1. Using the Karplus curve 6.51 cos²θ - 1.76 cosθ + 1.60 with θ = phi - 60°, what ³J(HN,Hα) values do you get for each residue of segment 212-218, in whole Hz, with x for Gly and Pro?
2. Report, by chain and number, residues whose modeled amide H sits under 5 Å from the one on Leu237, excluding near sequence neighbours (fewer than 5 apart, same chain).
3. If I model a spin label as a point 7 Å beyond the Cα along the Cα-Cβ vector, how far apart are those points for Thr272 and Asp31 in nm?
4. Working from Cα positions, state the angle (0 to 90°, nearest 10) between the long axis of helix 83-97 and the longest principal axis of the chain.
5. Spelling out what I want: for every residue of segment 66-71, take phi, set θ = phi - 60°, compute 6.51 cos²θ - 1.76 cosθ + 1.60 (Karplus), and round to whole Hz; glycine and proline get x.
6. Between Val91 and Arg255, what length comes free when the chain is fully extended (0.36 nm per residue of separation minus the Cα-Cα distance, one decimal in nm)?
7. If contacts are Cα pairs under 8 angstrom and at least 6 residues apart, what is the relative contact order of the chain in percent?
Amino acid sequence: MMGSLVEIRPGRRIWVEVGGASTNAHGHSSDTVAILVHGSCAISEQYAAQVPALHKEGLDTVAFDYLGCGRSEKPDDFAAYAAEELYQDLVAVFQSYSKGYTGVVLLGHSYGTYLVNRLASEQPERVAGVVLIGAGYPLPGAFRLRWIFHLPLFVLGWLQPYLTDQFIKLAFHPDTFKTNPQLIELERGRSNENPPFMFRAFHLQALSLFRDADQYTDWLRSIRAPALITAGDKDFLTPLDGMGKKVASYLKDARTAEIPLGGHQVHEEQPTVLNEKIIGFLHAVLGRR
């Protein structure tokens, strides 16, 4: 993977990594590219185990960090993190990095699934498949703790370690704390590195991506591409039996898979099993092998 800061839109510089196995006549290593979209206030490095698996199957990949996240620039500007702005960044990534490919696979995690589904609904001719990990749906009360982000920044900064710990408890399978404590500490460190002004601005504007649940449902119903919806069996944030299957019920062609011993961060906790599900799905919908 080769990464760099890219001015994806005027004044918005984000970290983008592209990768593939070889090069064809179009300058690509594949006729299909997978665009990987991470979750809220996260980082594209969380897809470290999925990228090589996709390359092995002959797909090129594009992964990026949202503005304010990871290695992207972090402007202290509330409006810069509006949901519509983040979505337009994804559109710009799609337009810039899908040129020359006959098919695009969109892969999203958590909040990234909202962005992916909107894009898939607007690009029915280009999107060949959709993979949703920990798919979200705007159920009543899903964002009930947003009030905390109205607190002054210095208070949020003081509370950040506590908020991170609460997220970690919900995001990982209970067994992961014993079997992979290094991963827990890695995610704790990543979360605590987020600037408070960024995660406050993001969370206070996250739901503005759509007017209401009905609009989001309309997007789902208009998606033509086949979809795979996965979640860990202990995903306490976006459970498959709650949000995931509700999303699937509105899609024209959806299949679901629950991953044992996985939580909300199942792509990091159980990458081998999850990758097998993703690759099997891609073989079916893209006709590979």
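Bear in mind these aren't lab numbers, they're just calculated from the coordinates by the rules spelled out. For clarity, every value in this text was computed on a predicted model and none was experimentally measured. Virtual Cβ from ideal backbone geometry, glycine too; neighbours counted across all protein chains shown.
1. Running phi through 6.51 cos²θ - 1.76 cosθ + 1.60 with θ = phi - 60° gives 6, 4, 5, 5, 4, 4, 4 Hz.
2. Correct list: His264.
3. The modelled label-to-label distance comes out at 3.3 nm.
4. Around 30 degrees separate the two axes.
5. Calculated HN-Hα couplings, in order: 3, 3, x, 10, x, 9 Hz.
6. 56.5 nm
7. Computed value for the chain: 19 percent relative contact order.
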